[in-house]
Structure formats: C-alpha cells, structure tokens
Amino acid sequence: MAYRLTVEDLNGWAARSFPRLLRECFDLAGAGVEVVAAQPIVDYVAWYVDGYFARRAAPDRTRLIVYSSAPELFRIAREAPLASSIRRAVLPTAPDVVCLVDDARSTVHLVLGEGAEHEHAQVVVRIMRALILRELLAKGELFVRAACFALEGEGVAVLGGRAAGKTTMLLHTLDSAGGALAGNDKVALRQGGEGQVEVAGFPIRVGVRAGSVLSLREGPLRDYLVHQWEQQIGDVEGCGDALEPRLALRPQELATAAGSTVAPRGRLTVAIEPRLDPAVSAPYLSLLSEEEAGALWSRNVLHGPGEVFPEQAALADGAPEHRQWIPQIPTYRLIQPPGMTPQALRLVDDVVRRTREGE
C-alpha cells in the first residue's frame, strides 16, 4: 500500500517541535484559537491583533500549529498522499505554505516553505482570523461589510458600496469628531439582550484612497497618511479621486496617528448609508423605513465563510450555513455634497446622542 500521510504523522511532527514552539491562545467573544508556533510568529500575531483579540491561558477547541521552514517536511506535506482523515486546503495567496486540515480534531497544520518570514507571519494572522470567524458564524453572528466607529461609546456602522464614502467618514471621525475605531471592511454583529445589537471589529487593514487623505484638514493624521502614501506608493496628489491604488494600514496604527484608540467591541446604536449628491447645498439625514433598512442591510451581509474570508475559503469545508437576521436599529441615509464630511458628522453625532437619550 502506498504511503499516506496520517494524523499520527502530524502529531509526531508536533511532538518533536513542541519544545521549540510557544503556545498562545487568542479569543474573541468565546471563539478562540490556540496558536503553536515559533517565538517570532507568536510575537507578530500578538502585535497585530493587539486590542482586538484577548489572550488566554486556557486551551481552545481549535488549534493552529505552525512549522518553520524545513525542505523535507515541506515536500512531504505538499506531495504525499493523505489519509482520509485530513485534507489539503489550497491558499491562493500563499503558494509557499502548505495547509493541512484535521477537521475531526479542529486542528490546522501550516508548513512554511522558504518565503519571507514577515509574509509567513501575515498568513498565520489571516488563517487564525478565518478560524475565529468560522466559529463565530457557527454561533449565528452576522457579518457585514461596513466601517464602524464609536462616538462617546455608541457604535455607528457606515454601510454602502465601493467609493460610497465609508472610509472617508471613518477618517474624519477619528481626526476631528473624537471617535474610536471599531473596524473596517468586515465587522461581526450579535443579538444582545433587550433587543440590543453588539458589534465586534477585527484587525483587518484599512484601505485608504488618495481622495480620502486629501479631504482631511491639515494636521497630524493627514501628515501621517501623506508620509505613508509617499513611502509606499508615491505622489498622493497625483492619484486624486482614483479608486486605486489604496494605502493599507493596520487599524491600531491609524488610530494612534489620529490621537484616538481602537474600541472593537460595544453596542451598535445607529447605521448610516452615505451618499454624495452635488445638487444639494448642505448635508441632511433621512430615516429609512423598515423595508428600506432591511434591503440595505441585506445588500451588505456577507453570506457564509467564502464571502467573509474568500482567500481562506478552503478552510470552511463543513462550516454551517449562515443564518441571516436584520439588526433592528435606527438606519439613516446621509445625503451630502462633496467636501462636506465634517458638517455631516455633526449631524451623525447629534442623531447618536438623541438615540442614546431615547428621543
């Protein structure tokens, strides 16, 4: 019989590697992953998710074991036939990493090739995040495409399509409205007690267009973003309102540059759909009907693991179907002329205050 790579082989690798590896548990809202990896990998993960995922001593049901580069081990993991109890998950953006999944034991084995250590560490973060997201989906969390921030502790979700102004509003909030960054691009919602909706953000890089940078007032945040843009991309003025390229920033660094903080968990109070309209002279808010709000939320719901984390979709085999529900919170359409984001934010701040006070 031809040799087949088994769970016992993987456990043997793990046993031989454990003396040189660290164990660290990362958790969000009861969904967690135990990461077993070399010190540099664990340190990078802890730095990247700081403020978002809690670190715990207790082991979690899901385990992510990371094996550093070893040519023979990498070759076996990539080429050997597999026993029926394990499978390979193809990671399109990480061809120099072999991902072996033991679904029965909720364990993922990552065997690193000869790529850059920094890039490998980023892959580990993405895999860990995908595993936590999968567990949250199983618990009935709702994942939506939105930017989210907190004003005086009250969460605001900004919904809308590409180039709708979500990130611009987020930046202005951090810069001048005293907001705290919850999340960008993907956030999770859960149903709390007494009809409340709770939001959880994730450490996902914030993509910033040149137009969003140039819309900011002169100050520390704009200076920081212009400097980062020039270092990573080039002349920010030359990109203007183009949708691409985008500056990718770790959310904690963005918040620090704005003199703000991250507040990834809290109560969601209102939702906003921004729309630009050059024909209006001043921004205004329009409360959406229940039907309109439901349609807006439905358009921005991420259905299932493949939409929530498409680059790691192969990890989602066997994941439960996504259960959709609509948050019952005040949802507004914000109509504003170009260049009026600071004035529009004053309206948002006012409606958050009035909603909190029950008006």
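Readers should treat all values here as calculations from the given coordinates under stated rules, not as data from a laboratory. Computed from a predicted structure; not experimentally measured. Glycine also receives a Cβ, built like all others from the backbone with ideal geometry; neighbour counts cover every protein chain displayed.
If you take the alpha carbon radius of gyration of the range 142-356 and divide it by 2.2 N^0.38 Å, what ratio comes out, to two decimals? All intermediate terms of the calculation are to be shown ahead of the outcome.
Numbers: Rg = 16.9 Å, N = 215, 2.2 N^0.38 = 16.9 Å.
Scaled against compact globular proteins, the figure is 1.00.
Quick one: dipole size for the chain, taken about the Cα centre, charges +1 on Lys/Arg Cβ and -1 on Asp/Glu Cβ, in debye to the nearest 20. Write out the running numbers ahead of the final one.
Details: 38 positive and 45 negative charges, 123 e Å.
So the magnitude is around 600 debye.
What does a probe at residue 267 reach in the range 185-224, counting residues whose amide N is under 12 Å from the point 7 Å along Cα→Cβ?
It comes to 192-199, nothing else.
With N denoting the number of residues in the range 86-208, provide Rg(C-alpha) divided by 2.2 N^0.38 Å, to two decimal places. Show your work: numbers first, answer last.
Working: Rg = 17.5 Å, N = 123, 2.2 N^0.38 = 13.7 Å.
Rounded to two decimals, the normalised Rg is 1.28.
Using the Cα centre of the chain as origin and beta-carbon charges of +1 (Lys, Arg) and -1 (Asp, Glu), tell me which of 84, 284, 225 is placed farthest towards the positive end of the dipole.
My answer, from the dipole projection, is 84.
Multiply the residue separation of residue 116 and residue 196 by 0.36 nm, subtract the distance between their alpha-carbon atoms, and state the gained length in nm to one decimal. The partial results should precede the final answer.
Details: separation 80, 0.36 × 80 = 28.80 nm, distance 4.44 nm.
Net length gain for the segment: 24.4 nm.
Nearest-5 percent of antiparallel DSSP beta bridges in the range 7-138? List each step's numbers first, then the result.
Working: 18 of 27 bridges.
So the antiparallel bridges in the range 7-138 amount to around 65 percent.
Along Cα→Cβ, 7 Å out, is where each label goes; now give me the distance between the ones at residue 230 and residue 20 in nm to one decimal.
4.4 nm
When the chain is fully extended, how far beyond the present Cα-Cα distance does residue 289 get from residue 4, taking 0.36 nm per residue of separation?
Full extension from residue 289 to residue 4 adds 96.7 nm.
Compute the distance in nm between two label points, each set 7 Å from the Cα along the Cα-to-Cβ direction, one at residue 54 and one at residue 139.
Placing both labels 7 Å beyond Cα along the Cβ direction yields 1.0 nm.
By DSSP, what percent of the beta bridges with both residues in the chain are antiparallel, rounded to the nearest 5? List each step's numbers first, then the result.
Numbers: 48 of 69 bridges.
The answer is about 70 percent antiparallel.
If you work out Rg/Rh (Cα atoms, Kirkwood Rh) from the coordinates, which of (1) 1.01; (2) 0.93; (3) 0.95 do you get?
(1)
Between residue 72 and residue 152, what is the label-point separation in nm under the 7 Å Cα-to-beta-carbon projection?
Here the modelled spin labels are 6.6 nm apart.
Looking at the range 142-356, what % of its DSSP beta bridges pair antiparallel, to the nearest 5?
Antiparallel bridges: around 75 percent, rounded to the nearest 5.
Explain nothing, just the number: dipole magnitude of the range 127-267 about its Cα centre with +1 on each Lys and Arg Cβ and -1 on each Asp and Glu Cβ, in debye rounded to the nearest 20. Let's see the in-between values first.
Working: 16 positive and 16 negative charges, 117 e Å.
Using only the charged Cβ atoms, the result is roughly 560 debye.
Along the charge dipole of the chain, Cβ charges K/R +1 and D/E -1, which of 331, 302, 211 sits furthest on the positive end?
After comparing all options, I get 302.
For the chain, with a Gaussian network of springs between Cα atoms less than 10 Å apart, report the residue from 61, 126, 267 with the top mean-square fluctuation.
In this elastic network of the chain, the residue with the biggest mean-square fluctuation among 61, 126, 267 is 61.
Counting helices only, and only those DSSP H runs with n ≥ 4, report the 222 nm mean residue ellipticity of the chain as the sum of -39,500 (n - 2.57) divided by its residues, in deg cm²/dmol to the nearest 500.
Numbers: 11 runs with 119 residues, N = 359.
Computed mean residue ellipticity for the chain: -10000 deg cm²/dmol.
Evaluate the range 7-138: find the radius of gyration of its Cα atoms, find its Kirkwood radius, and give the ratio Rg to Rh. Write out the running numbers ahead of the final one.
On the way: Rg = 13.8 Å, Rh = 14.9 Å.
Dividing the radius of gyration by the Kirkwood radius yields 0.93.
Using 0.36 nm times the number of residues separating residue 275 and residue 163, minus their current alpha carbon distance, what extension gain do you get? Intermediate results must be reported in sequence, preceding the final value.
Working: separation 112, 0.36 × 112 = 40.32 nm, distance 0.97 nm.
Net length gain for the segment: 39.4 nm.
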